[in-house]
Amino acid sequence: MQSWGDSSRFTTRATRREPTKSGVLGLLAAAQGRRRTDSIEDLLSLRFGVRTDQPGSVVRDFQTAMDWSHPKKDGSVNSMPLSNRYYLADAIFVAAVEGDPSLLHALDEAITEPVFPLYLGRRSCPTEGRVSLGVRDGDLLTVLANEPWHAKPWHQRRLPRSVRLQIAYDTESGQVGDTVRDIPLSFDPQRREYGWRDITTTTTTVDNPHGNDEPDWFAGLEGA
């Protein structure tokens with residue numbers, strides 16, 4: 001389970017369909033033991049990209065709460081605002097950062113023995129199993145294109161023998177992309193601040209030895 005919000009406010013907490021740069025940089029900062037008020041200027045220099053290996057599905061958690069910490073004289077309590085929180089279930093991504101090799105090796109080492117707990121976006125989504133795939137040589141897009149496909153076998157069996165995977169990444173100079181508020185200028189809870197970044201997408205094609213080019217007639221009924 002994971003959830004990557006970039007514009008959620010108040011009682012509706014949405015998730016993007018892929019990890020955010022602010023969420024991944026926050027995970028890296030936590031691994032190194034940086035506190036929310038510490039500088040993350042070096043992390044902001046990293047170029048970011050993410051490949052969607054298994055898109056998963058969006059699920060909604062409708063939450064109710066009661067303010068038991070402030071009971072009334074008659075013993076009753078006030079209801080808190082109702083909220084809708086959205087998550088990604090069964091999703092698998094390969095996220096990559098490109099930058100100074102010494103910084104990348106230090107981050108990789110920190111992830112293997114993180115100082116603070118690591119989360120996939122929100123605190124309710126702790127990581128499990130292997131988090132880092134290690135450090136690779138090459139530019140961001142080449143590394144993401146060459147990394148083996150990590151989708152689960154049950155997902156692979158539902159797809160054709162040739163599959164296109166989407167890669168979303170920081171735009172390069174001269175490229176046009178979508179603008180999102182996803183640069184963490186400060187994680188300080190007293191003054192959280194985010195800047196804007198441009199994202200563009202491309203695809204890479206992988207062979208699927210477990211695939212089947214016969215149409216999956218039942219797949220169309222799942223959303224009904």
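The values are calculated or read from the model by the stated rules, or taken from the named source; none is laboratory data. Fair warning: this is a prediction, and the values are worked out from it, not measured in the lab. Neighbour counts run over all protein chains shown; Cβ positions are idealised from the backbone, glycine included. Protein only, heavy atoms only, side chains kept; ligands, DNA and RNA dropped before computing areas. Shrake-Rupley method; radii C 1.70, N 1.55, O 1.52, S 1.80 Å.
Note that the range 71-84 has calculated 3J(HN,Hα) couplings of x, 7, 4, 7, x, 6, 10, 7, 7, 8, x, 6, 9, 10 Hz, one per residue in order, obtained from phi through the Karplus relation 6.51 cos²θ - 1.76 cosθ + 1.60 (θ = phi - 60°); glycine and proline are x. Tell me the mean residue ellipticity at 222 nm calculated for the chain from its helices only (DSSP H runs of n ≥ 4, each -39500 (n - 2.57), averaged over every residue, nearest 500). The helix-only estimate for the chain comes to -4500 deg cm²/dmol at 222 nm. Would you work out if the chain is rounded, prolate or oblate? Take a ≥ b ≥ c from the square roots of the eigenvalues of the alpha-carbon gyration tensor; rounded if a/c is under 1.5, else prolate when a/b is larger than b/c, oblate otherwise. Judged from the Cα gyration tensor, the chain comes out oblate (a/c at least 1.5, b/c at or above a/b). For Y194, nonlocal amide neighbours, meaning residues 5 or more places apart or on other chains whose placed amide H falls under 5 Å from its own, are L185.
Extension gain, H150 to T205: 0.36 nm times the residue separation minus the Cα-Cα distance gives 18.5 nm. Solvent-accessible area per residue in the chain equals 62 Å², computed with a 1.4 angstrom probe and all protein chains kept. Here the Karplus relation 6.51 cos²θ - 1.76 cosθ + 1.60, evaluated at θ = phi - 60°, turns the backbone of the range 30-47 into coupling constants of 5, 4, 7, x, 6, 8, 4, 8, 6, 6, 10, 4, 5, 5, 5, 7, 6, 8 Hz, with x for every Gly and Pro. For E113, the accessible surface of its heavy atoms amounts to roughly 150 Å² (probe 1.4 Å, protein chains only, rounded to the nearest 10). Rounded to whole numbers, the Karplus 3J(HN,Hα) couplings from phi for the range 20-29 are 8, 5, 5, x, 6, 5, x, 4, 5, 5 Hz, using 6.51 cos²θ - 1.76 cosθ + 1.60 with θ = phi - 60°, and x at Gly and Pro.
Cβ-Cβ distance of L133 and S162, R₀ of 25 Å, FRET efficiency by 1/(1 + (r/R0)^6): the value works out to about 0.60. Once backbone amide H atoms are built at 1.01 Å from N, Q2 has L88 as its partners under 5 Å, excluding neighbours fewer than 5 places away on the same chain. Pop the C-beta distance of S124 and M66 into the FRET formula with R0 = 25 Å and round what comes out to the nearest 0.05. About 0.85, to the nearest 0.05. Annotation: peptides 62-71, 80-89, ranked by per-residue average of other Cβ atoms within 10 Å with the highest first, follow the order 80-89, 62-71. Using C-alpha pairs below 8 Å separated by at least 6 residues, the relative contact order for the chain is 24 percent. As a fraction of the 1.4 Å probe accessible area of the range 133-224, surface on carbon and sulfur atoms comes out at 48 percent. Shown is the FRET efficiency for E113 and K73, computed with R0 = 35 Å from the Cβ-Cβ distance and rounded to the nearest 0.05: 0.10. Using a probe radius of 1.4 angstrom, the carbon and sulfur fraction of the accessible surface of the range 31-89 is 51%.
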